[in-house]
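Here's the structure we're looking at; comments come further down.
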Amino acid sequence: DAEEYQPPIWKSYLYQLQQEAPRPKRIICPREVENRPKYYGREFHGIISREQADEILAGVEGAYILRESQRQPGCYTLALRFGNQTLNYRLFYDGKHFVGEKRFESIHDLVTDGLITLYIETKASEYISKMTTNPIYEHIGYATLLREKVSRRLSRTKNESRKASVTSEENTPVEKITSLVRRAALTQNDNHFNYEKAHNFKVHTFRGPHWCEYCANFMWGLIAQGVRCSDCGLNVHKQCSKYVPNDCQPDLKRIKRVYCCDLTTLVKAHNTQRPMVVDSCIREIEARGLKSEGLYRVSGFTEHIEDVKMAFDRDGDKADISASIYPDINIIAGALKLYFRDLPIPVITYDTYSKFIEAAKISNPDERLEAIHEVLMLLPAAHYETLRYLMIHLKKVTLHEKDNFMNAENLGIVFGPTLMRPPEDSTLATLNDMRYQKLIVQILIENEDVLF
């Protein structure tokens, strides 16, 4: 079980190299320099040449000074001694010091990080180039071990729901081990909807020593040593992130809201086929609103729709949207439309938008239907399933057209711009495409039994 879990053998070679790297040695200017920038200290030597800098730093590994360029007054250079030669870097300041992508609070930290990087890349360039060739990520001796351990744990908790056993309280030992354990646990969950999802990697600064969960090697440097998936917490080198499969299993604790959250991220975090907002709203509308005149066309009060949004963000699938709280069904319909509008990537994704528009322009009905079906197959699985479920619902709405006055064309007008938006934020493109957006949704509703 989790208590018996043994972490993998992390590879410490790069950590040892970081410990061996030269330490920064600030060479102070013996004289007072006029016009010294206020954000530099006494390591600033004023306007001196490269040759003079080389003489000052000669023979002292890790020594550094700052100087103003002779050729370009007002431009500053970090002169650093490494590998028996003086290296010169153009130095910038915008509130923090930097020579590349990384930004530092102090020159000392910048030089420390630079010396670590130079030393490791000099000593271990071949090692680094091969470090992704035998990853622990899918290693039989590692991933299999996790699955066996977690599988035994799950088998002993049959009386609990599978979902609860994976996203349990914080004191559960499994949660404290690594994001890899969580993914291994989820593979045991037969009810988990295995939609493919890319990791949402962001550059991250790790406090204290950290190892890459892909290659098991140390992540070197003082800041921005690697990247972390903001959805599942996976920590890897930036170069290793290119090799990680699209198997992100979002952690519900990291998903702060329901609206404005990526669709696939939300359904995987909640372990559902579709966003719970869609299921809840459609269930409520079909229970008491299918005959409501102007359904989806008539707007509910904006502040009440915002209340529903806040309820879902706060309470998730436990949000109460019943008639006793919101008697006007247009509020629920408005909340559903708002959910689709707020998606960072629309249900009909930016990648497929132009293909849908081109398909809508085909004059032959049979060929047009075939083209639309082909583009539907390109949608991510969670987007496809959500669209399919919505179209089945909207078809039911059209069956009550005598009462609600909403046919497929009317619903197309409402949902066209809601479900699909052009990749470029162009008002002209949106206006030009509106009739095709309407037509696509109309065709999807009328032919949902054939297309899905």
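The values are calculated or read from the model by the stated rules, or taken from the named source; none is laboratory data. These figures come from a predicted structure and were not determined experimentally. Counting neighbours? That spans all protein chains shown, and the Cβs are built from the backbone with ideal geometry, glycine included. SASA here: full protein model, heavy atoms, side chains in, ligands and nucleic acids out. Shrake-Rupley method; radii C 1.70, N 1.55, O 1.52, S 1.80 Å.
Numbers at a glance
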| read-out | value |
| --- | --- |
| Pairs from Lys96/Lys123; Lys256/Lys395; Lys253/Lys318 whose Cα-Cα separation, in the structure shown, is over 25 Å | Lys96/Lys123; Lys256/Lys395 |
| Protein-only accessible surface order, largest first, of Phe301, Phe82, Phe452, Phe356 at 1.4 Å | Phe301, Phe452, Phe82, Phe356 |
| Most to least accessible of Met310, Met420 (protein chains only, probe 1.4 Å) | Met310, Met420 |
| Percentage relative contact order, the chain, counting C-alpha pairs under 8 Å, at least six apart | 11 percent |
| Two-site FRET efficiency, Glu286 against Asp317, from Cβ-Cβ distance with R₀ of 22 Å, rounded to 0.05 | 0.80 |
| Computed lengthening from Lys361 to Asn246, 0.36 nm per intervening residue step minus Cα-Cα distance | 38.0 nm |
| Pairwise label distance in nanometres, Arg26 with Asn432, each label 7 Å out on the Cα-Cβ vector | 5.9 nm |
| Of all accessible heavy-atom area on the chain, the percent that carbon and sulfur account for (1.4 Å) | 49 percent |
| Accessible surface, the chain, averaged per residue in Å² (probe 1.4 Å) | 50 Å² |
| Estimated FRET transfer efficiency (Ala381, Asn88; beta-carbon r; R0 51 Å; 0.05) | 0.45 |
| From the coordinates shown, Kirkwood radius over Cα pairs in Å corresponds to which of [x] 22.7; [y] 26.4; [z] 27.1 | [y] |
